[in-house]
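Below is one structure, written out as structure tokens; comments come after it.
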Ligand code: BG6
Ligand code: MG
């Protein structure tokens, strides 16, 4: 195990709730419509534009290209505002220790997030210096569940994905890790059972457990 490819929202920081809240408020304001909880999983790990498409399709709402772009931009402004007070305290349980243990074992760290806000979030969390690379989601051809962002993250730390673990909390993200050829480690419920190794929470992400999973499942 030489590299760890990290998802961000829902793995490093508890920001997934802010994403969905921003979508909810936006849709309420513009269309006076509610989005059901069941759409949250479908927007997890999925790019800003793809998330908006999922939501509008569900509600059978059609908008012009300009309106679509304006809605995506407004959601992001609200989301970034919600991140205002984000700091080290928002790092999810187990993650700071895991990062320290990876570094102690010379495992390189790369961010493989769909979020264009990745760099500013790592900065607010005080984690920028710990990461060897941040894969740029605007430079990959296809978003999660396609493997591209995990392939780009592994390449950015000069590793073949088979030497890496990928850490995810979304259905789309686990599929992306598997298809990239890395060992997938998930935090969440049974919807993530396609992961090589699933834990209920990031609090279970110990270095020993993750290394054991890599030993068992890598090829
Ligand atoms: C992912 C989130 O990490 O980033 C998704 O799980 C989000 O919910 C996606 O849509 C894109 O984020 P951003 O910050 O570029 O709008
Ligand atoms: Mg996530």
Pairs with Cβ under 9 Å, 6+ apart, first in the stretch 6-28 and free of Cβ contacts under 8 Å to residues at least 12 places away in the same chain and more than 13 Å from residue 124 (Cβ to Cβ), second assigned to a loop (DSSP other than H, G, I, E, B) and more than 10 Å from ligand 1 (Cβ to nearest atom): 24/34; 24/35; 28/34; 28/35
Which listed residue is crowded, with 16+ Cβ neighbours inside 10 Å and touching a helix residue (DSSP H, G or I) at 6+ places or on another chain (Cβ under 6 Å), from 22, 33: 22
Scope the stretch 150-170; condition farther than 20 Å from residue 205 by Cβ and within 16 Å of the chain's Cα centre (by Cα); matching residues: 151, 152
Residue within the stretch 48-62 that is away from ligand 2 (no atom under 12 Å from the Cβ), on the phi < 0 side of the Ramachandran plot, in contact (Cβ under 8 Å) with a residue 60 or more places away in the chain and under 13 Å from the mean Cα position of the chain (by Cα) present: yes
Which numbered condition residue 103 misses (of (1) surrounded by 15 or more Cβ atoms within 10 Å (Cβ to Cβ); (2) in contact (Cβ under 8 Å) with a residue 24 or more places away in the chain; (3) in a helix (DSSP H, G or I); (4) more than 16 Å from ligand 1 (Cβ to nearest atom)): (1)
Subset tally (residues that are surrounded by fewer than 17 Cβ atoms within 10 Å (Cβ to Cβ) and farther than 19 Å from residue 185 by Cα) for the stretch 133-154: 5
Residues that are more than 16 Å from ligand 2 (Cβ to nearest atom) and either on the phi > 0 side of the Ramachandran plot or surrounded by fewer than 19 Cβ atoms within 10 Å (Cβ to Cβ) (or both), drawn from the stretch 83-100: 84, 85, 87, 88, 89, 96, 97, 100
In the stretch 194-219, the residues that are out of contact with any helix residue (DSSP H, G or I) (no Cβ under 9 Å at 6 or more places or on another chain), farther than 15 Å from residue 4 by Cα and without any contact (Cβ under 8 Å) to a residue 24 or more places away in the chain: 200, 216
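Throughout, read-outs are computed from the coordinates displayed, never taken from laboratory work. Nothing here was measured: the structure is a model prediction, and the numbers come from that model. Please note: Cβ atoms are built from the backbone with ideal geometry, for glycine as well, and neighbour counts cover all protein chains shown.
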